[in-house]
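> Got a structure here, written out as structure tokens. Questions coming.
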Amino acid sequence: MATPLRDRYIIAARVEGYIGNHAGSVALLTEALEQFPGDISVLRHRGHRRISMRDFDGAVDDLLASAALLPDTEDEYEMYQRHVEPDGMRLILGKDAEFDHHPKVADVTDPDLAAEYNTTLHTSVWYHLGVAHYVRGEFEETVDAMTNAHDTARHYEGLVASLDWTYMALRRLGRTEDAAKILERFAEVVDDADLTGLGYADRLHLYSGDLDPEGLRAGVTDQPLVAATIGYGLGNWYLYNGDEATAHSVFREVIASGATAAFGYIAAEVDLGASVG
């Protein structure tokens with residue numbers, strides 16, 4: 001199965017992002033856009049990596065451009081990281097990728113195969129746009145984008161992660177009744193829990209009262225990404241409960257995790273008013 005050039009650019013850019021070379025990732029995707037102007041998937045991935053680079057304005061521009069194309073774009077699956085990395089190595093060796101990284105949703109009839117992808121283009125565009133708005137302090141826009149993300153989600157992780165960010169934005173807006181409705185929706189899907197949702201689901205369990213802060217801390221592992229994700233939720237819990245000093249202390253623990261590309265890390269950075277990554 002031949003791997004299209006556009007997909008090769010995206011795979012290469014994603015691998016660059018995984019190793020922390022976000023500028024290199026953006027450069028590759030910018031080069032791809034010169035060959036494939038206005039490509040929705042290339043714009044979506046560049047928007048993501050611009051968040052990683054703290055270019056929030058550029059991220060919103062790319063992701064708004066992607067979102068504008070969604071009504072005329074058939075939804076497609078996006079390959080999950082555990083397959084992107086080995087396929088990147090295959091391409092380096094002059095082989096083709098083992099998987100189709102962007103199959104149309106309508107063409108994938110095997111549920112086990114669909115589960116391998118873990119997200120879709122439509123959900124990813126809305127989700128990353130929501131994150132970009134959140135870190136710019138645009139919480140109304142975050143709610144709108146994340147609502148579209150969880151309404152289009154076909155996988156547990158995308159649903160739970162977007163519900164989580166919706167809840168956080170609503171709490172920042174003081175819309176506690178609407179935030180409570182998000183927790184009610186989460187309660188309807190928790191039985192579908194899987195390991196890929198680890199972190200976001202734990203945060204929602206804290207907000208719901210199913211976990212206390214100590215119980216959430218017990219879920220922190222030595223994996224920096226998980227520590228940053230759970231830590232940001234814990235800091236927010238203290239913030240929502242009026243303990244700003246402890247919230248900021250926890251946000252500093254998130255920074256100490258070193259997971260500089262994690263969205264929880266970036267949001268903690270913004271909340272502390274410092275850029276250290």
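> For region 55-80, enumerate the residues that are touching a Ser or Thr at 6+ places or on another chain (Cβ under 6 Å) and crowded, with 17+ Cβ neighbours inside 10 Å.
Looking only at region 55-80, we keep the residues that are touching a Ser or Thr at 6+ places or on another chain (Cβ under 6 Å), and these are 75, 77-78.
If the condition is that a residue be touching a Ser or Thr at 6+ places or on another chain (Cβ under 6 Å) and crowded, with 17+ Cβ neighbours inside 10 Å, then Tyr77, Glu78 are the ones that fit.
> Might you check whether a residue that is surrounded by fewer than 17 Cβ atoms within 10 Å (Cβ to Cβ), under 27 Å from Val226 (Cα atoms) and at pLDDT below 95 occurs anywhere in region 87-99?
Checking region 87-99: at least one residue is surrounded by fewer than 17 Cβ atoms within 10 Å (Cβ to Cβ), under 27 Å from Val226 (Cα atoms) and at pLDDT below 95.
> Hey, could you check region 204-235 for residues that are polar (S, T, N, Q) and in contact with a helix residue (DSSP H, G or I) (Cβ under 6 Å, 6 or more places away or on another chain) and say which is nearest to Ser257 (Cα to Cα)?
The selected residue is Thr229.
> Determine the pairs where a residue that is under 14 Å from Gly17 (Cα atoms), located within region 74-92, has a partner that is assigned to a helix (DSSP H, G or I) and among the aliphatic types (A, V, I, L, M) with Cβ atoms under 7 Å apart, the partner being 6 or more residues away or on another chain.
Val84/Ile11; Val84/Val15; Glu85/Val15; Gly88/Ile11; Gly88/Ala12; Gly88/Val15
> Something else now. Do you know which of the residues in region 100-115 that are open to solvent by less than 60 Å² (accessible area, probe 1.4 Å) and free of Cβ contacts under 8 Å to residues at least 60 places away in the same chain is nearest to Tyr9 (Cα to Cα)? Lay out the reasoning, then the answer.
Quick first cut of region 100-115, residues open to solvent by less than 60 Å² (accessible area, probe 1.4 Å) only: 101-103, 105, 108, 114-115.
Still in the running and free of Cβ contacts under 8 Å to residues at least 60 places away in the same chain: 103, 105, 108, 114-115.
Details: Pro103: 16, Val105: 21, Val108: 23, Ala114: 23, Ala115: 24 Å.
Here the residue is Pro103.
> So, in region 1-42, of the ones that are β-branched (Val, Ile, Thr) and surrounded by fewer than 15 Cβ atoms within 10 Å (Cβ to Cβ), which residue ends up nearest to Pro86 (Cα to Cα)?
Ranking the qualifying residues of region 1-42, first place goes to Ile19.
> Can you list the helices (runs of 4 or more DSSP H) lying wholly within region 118-228 that have 3 or more residues being modelled with pLDDT of 95 or more and closer than 29 Å to Ile40 by Cα? Write out each step before concluding.
Numbers: elements: 121-135, 139-152, 156-172, 176-189, 200-208, 213-217.
By residue number, 121-135, 139-152, 156-172.
The values are calculated or read from the model by the stated rules, or taken from the named source; none is laboratory data. In this text the structure is predicted, and so the values were computed from the model without any measurement. When we count neighbours, we look across all protein chains shown, and the Cβ atoms used for this are built from the backbone with ideal geometry, even at glycine. These accessible areas exclude ligands, DNA and RNA; they are computed on the full protein's heavy atoms, side chains included. Shrake-Rupley method; radii C 1.70, N 1.55, O 1.52, S 1.80 Å.
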